[in-house]
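Visitor: Quick one: the structure is below, and I'll ask about it shortly.
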Amino acid sequence: MAIDILSAPPAPASEQARRPAPPVQARYVLPGFNLTLGYTLVYVCLIVLIPLSAAFLKTATLTWPEFVDAVWSDRAIASYKLTFGASLAGAAVNAVFGLIVAWVLVRYRFPGKRLCDAMVDLPFALPTAVAGIALTILYSDNGWIGQPVLTFTTHLHNFLVRLAPASLTPGIEWLLPPDGVHIANTPLGVFVALTFIGLPFVVRTLQPVIEDLEPELEEVAATLGATRWQTFRRVIFPAILPALLTGFALAFARALGEFGSVIFIAGNIPYETEITSLLIYIQLGEYQYAKATAIAVVMLLASFVLLLLINLLQRWSRRRAGGL
């Protein structure tokens, strides 16, 4: 007797539940994991690992005394102090004013807002050499900004020396030189250039985080009697702190390796305004490849250590913000 499959009653629900679900084949946009992983590893090796390995291998040709002499000479130490000091100061200033700029661009409406928002990306769009020439023209002793600053500080020095007692004159001359404050061809010019190129990293990192902040939290804090400073310190700042640290780290790392926008405004005076990247370039021009790569390796290791410490600080900040 034939059984009509179509007319057969369905299986009980319990039996259907016991049946294993048919396997679902995952669908990926890229052609395959093995193929894309292979391309990724090859690309990373060609672009990152092989050049870095070449720097380490070239440095390994030096003996230990030669390595110490290359990376610990007086000229190299002077360049380290200027590079790390100016980069740290520029990143710190950008962390403060970048937060203000990002907050204004997100929370306020004003004429020319789109233009201001686009100008934040100007250091990204400008070639570094063009930025260096523009900064030198602006901040030189006869520039649009450098000349007024030089004139004002000269008059201010003379005014303070006349009013203050003679015992304070050395301190005044240390802060304000008798011939005024020069920006170009001084460490101050290096600081200005590194601040200029680092601002977009802080602003663009903070903007999405500020946009995601709920204004209702600030209203609730105000309703509970919190002042504006208390609201910022206890509600806003913990939420944006990880992004602020990330922007600070990006600006700091970018400033450490800057070259084009600094060499024109710095003056490149050895032991005074010579940055480390320029010292590496000079030694390459003198065919001292091993010494140049030795200094480059030191900068590379220092950058890795600093970024690791900042990432650990970011993780701590996220855990602390999550526990609040």
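The values are calculated or read from the model by the stated rules, or taken from the named source; none is laboratory data. Model, not experiment: these values are computed from the prediction. Please note: Cβ atoms are built from the backbone with ideal geometry, for glycine as well, and neighbour counts cover all protein chains shown.
Visitor: Select the helices (runs of 4 or more DSSP H) contained entirely in segment 195-294, then report the ones holding at least 2 residues which are within 28 Å of Ser53 (Cα to Cα).
Guide: Working: elements: 215-223, 228-231, 237-256, 260-266, 276-285.
It comes to 237-256, 260-266, 276-285.
Visitor: Yes or no: Phe264 surrounded by 19 or more Cβ atoms within 10 Å (Cβ to Cβ), modelled with pLDDT of 85 or more and not aliphatic (A, V, I, L, M)?
Guide: It is true that Phe264 is surrounded by 19 or more Cβ atoms within 10 Å (Cβ to Cβ), modelled with pLDDT of 85 or more and not aliphatic (A, V, I, L, M).
Visitor: Oh, and also: How many of the residues making up segment 147-178 are assigned to a loop (DSSP other than H, G, I, E, B) and either closer than 25 Å to Lys81 by Cα or in contact with a Pro (Cβ under 9 Å, 6 or more places away or on another chain) (or both)? Outline the logic, then answer.
Guide: Here is the first cut: in segment 147-178, the ones assigned to a loop (DSSP other than H, G, I, E, B) are 164-165, 176-178.
Filter once more, keeping what is either closer than 25 Å to Lys81 by Cα or in contact with a Pro (Cβ under 9 Å, 6 or more places away or on another chain) (or both): 176-177.
Of the residues in that region, 2 qualify.
Visitor: Go through Ala21, Ala76 for me and flag whichever is modelled with pLDDT of 85 or more, out of contact with any Phe, Trp or Tyr (no Cβ under 9 Å at 6 or more places or on another chain) and on the phi < 0 side of the Ramachandran plot.
Guide: Ala76 is the lone residue from the list that is modelled with pLDDT of 85 or more, out of contact with any Phe, Trp or Tyr (no Cβ under 9 Å at 6 or more places or on another chain) and on the phi < 0 side of the Ramachandran plot.
Visitor: Do we find that Leu206 is at pLDDT 90 or above, under 23 Å from Lys81 (Cα atoms) and under 28 Å from the mean Cα position of the chain (by Cα) in this structure?
Guide: Taking the combined requirement at face value, the residue does not satisfy it.
Visitor: Kindly indicate whether any position in segment 98-111 is in a loop (DSSP other than H, G, I, E, B) and touching a residue at least 40 places away in the same chain (Cβ under 8 Å). Before you say what the answer is, go through the steps one by one.
Guide: Restricting attention to segment 98-111, the residues satisfying the condition of being in a loop (DSSP other than H, G, I, E, B) are 108-111.
Next cut, touching a residue at least 40 places away in the same chain (Cβ under 8 Å) only: none.
Within segment 98-111, none of the residues are in a loop (DSSP other than H, G, I, E, B) and touching a residue at least 40 places away in the same chain (Cβ under 8 Å).
Visitor: Sticking with this structure for a sec: Can you confirm whether Thr195 is modelled with pLDDT of 85 or more and not aliphatic (A, V, I, L, M)?
Guide: Yes; evaluated as a whole, the condition is true for this residue.
Visitor: Out of curiosity, is Arg254 among the charged types (D, E, K, R) and in contact (Cβ under 8 Å) with a residue 24 or more places away in the chain? Even if it seems obvious, please write down each step before you answer.
Guide: On the way: among the charged types (D, E, K, R): yes; in contact (Cβ under 8 Å) with a residue 24 or more places away in the chain: yes.
Yes, satisfied.
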